Amino acid sequence: MNKKFSNYLTTLWQSLLFWTLAMLALGIIRFYGIADDEGIQIANGYEEVITMPIILPFFALLGVAMGFIYGTLEHLFDGVISKRIAIGLQNLIKIFVYFIIIIILLTLLIELVRHMYDIPLNNQIGWWRRDRTFRAIVLYVFLSALVFSFIKISNEKFGKGVFLKMLLGKYKKPIEEFRIFMFLDLHSSTTIAETLGHYKYSQLIQDCFYDLNELVPKYSAEIYQYVGDEAVLSWPYKKGLLNNQCVALFFSFQELLVSKEAFYQKKYGLVPKFKAGMHGGKLMVAEVGVVKKELAFHGDVINTSARIQAECNNFGVPILLSEQLIEDLDISKDYTQKPLGSVLLKGKHKKVNIFTLIEVQ
């Protein structure tokens with residue numbers, strides 16, 4: 001399945017679930033407050049028609065419609081428009097578009113109720129201008145959108161599923177985990193920075209990491225942090241080994257950069273190349289800090305991965321892996337492994353056997 005379409009489906013089902021639940025909650029709130037609500041007027045003789053079993057399906061339908069439209073538009077903004085328009089202007093456009101959508105959906109919903117139950121509800125042109133219920137619904141929708149955006153941003157910041165674990169306090173005390181780490185660094189970064197200048201160089205890094213982020217969900221990776229022109233990626237150990245995802249991401253990233261050669265040559269006069277060092281094992285993860293709180297990984301796995309990546313230049317290869325990781329991967333079909341001997345990594349007392357990989361064509 002196309003990765004963009006797969007990402008769209010993920011965003012869509014999350015949006016559908018959130019907005020359906022949000023609108024069902026709104027339906028319950030409006031139903032129990034209906035008698036004292038000046039914005040809702042029920043004609044005499046219809047009080048018994050407006051019941052909870054009748055109201056909730058309509059609000060659920062409204063939630064499904066909102067979820068589909070919201071998920072589609074957010075995917076469009078994130079994938080196409082976000083790179084071209086400043087975030088302030090994006091938000092203004094979103095507010096206007098969603099406002100129009102709310103008017104259209106509520107108008108259609110009112111018309112549906114009128115048609116099905118023959119209830120004389122106001123559905124004239126401009127009905128929403130003086131309707132207090134409409135104002136309340138608009139406020140509720142925008143507050144809900146803020147909640148959804150907050151959850152989405154938090155998941156992007158901490159990684160899929162990590163935000164919920166942090167809310168539950170899982171990492172208040174250090175926890176041992178078994179993970180794979182990749183240190184991914186731009187090759188010849190100093191020379192490129194001197195050639196392009198700091199502004200163009202910053203744009204180059206930004207474009208490279210945009211491309212990297214297109215692949216991260218496909219290979220179940222988590223971005224631990226960005227440090228200058230370096231990205232640190234991580235996988236739970238078994239998930240990283242599955243279908244060689246931890247290695248496949250690197251080679252897919254190389255292929256993606258090559259496929260965009262025309263773009264990078266035209267804009268920067270070069271095609272960026274990255275080098276990677278990988279290792280896996282046990283380490284500790286804990287919640288650190290109060291201001292700018294984040295998850296931090298502590299242990300030899302982190303240091304060894306970084307030191308292995310630093311050896312790429314010495315051996316003239318784009319990727320290096322530890323012997324431990326090579327032994328756990330099933331690479332016979334897709335890659336050819338090449339042992340490069342033992343090296344004494346900086347800060348280590350024992351030598352580490354390292355390998356490089358060549359993709360089978």
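The values are calculated or read from the model by the stated rules, or taken from the named source; none is laboratory data. None of these values were measured; they are calculated from a predicted model. Cβ atoms come from the backbone with ideal geometry, glycine included; neighbour counts cover every protein chain shown.
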Inset, instruction - From 247, 216, 227, 258, grab the single residue that is of a type in the set (A, V, I, L, M), assigned by TED's automatic domain parsing to the domain that holds residue 276, within 18 Å of residue 277 (Cα to Cα) and surrounded by fewer than 16 Cβ atoms within 10 Å (Cβ to Cβ). - result: 227
Legend entry - Residue in segment 49-66 that is among the small types (Gly, Ala, Ser), modelled with pLDDT under 80 and more than 22 Å from residue 7 (Cα to Cα) present: no
Inset, instruction - Restrict the check to segment 249-262 and report whether at least one residue is over 21 Å from residue 170 (Cβ atoms) and not in a helix (DSSP H, G or I). - result: yes
Inset, instruction - Filter segment 147-167 down to residues that are modelled with pLDDT under 70 and of a type in the set (Gly, Ala, Ser) and give me whichever is nearest to the chain's Cα centre (by Cα). - result: 159
Legend entry - The lone exception for residue 180 - which of (1) among the aliphatic types (A, V, I, L, M); (2) within 30 Å of residue 77 (Cα to Cα); (3) surrounded by 15 or more Cβ atoms within 10 Å (Cβ to Cβ) it fails: (2)
Inset, instruction - Restrict the check to segment 227-237 and report whether at least one residue is of a type in the set (Ser, Thr, Tyr) and part of a strand (DSSP E or B). - result: yes
Legend entry - residue 337 being within 30 Å of the chain's Cα centre (by Cα) and in the same structural domain as residue 179 (by TED's automatic domain parsing): no
Inset, instruction - Could you tell me whether segment 114-127 includes any residue that is part of a helix (DSSP H, G or I), under 20 Å from residue 22 (Cα atoms) and modelled with pLDDT of 75 or more? - result: no
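Residue-wise test of (1) in contact with an Asp or Glu (Cβ under 6 Å, 6 or more places away or on another chain); (2) within 18 Å of residue 230 (Cα to Cα); (3) surrounded by 17 or more Cβ atoms within 10 Å (Cβ to Cβ).
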residue	(1), (2), (3)
305	no, yes, yes
313	no, yes, no
317	no, yes, yes
348	no, no, no
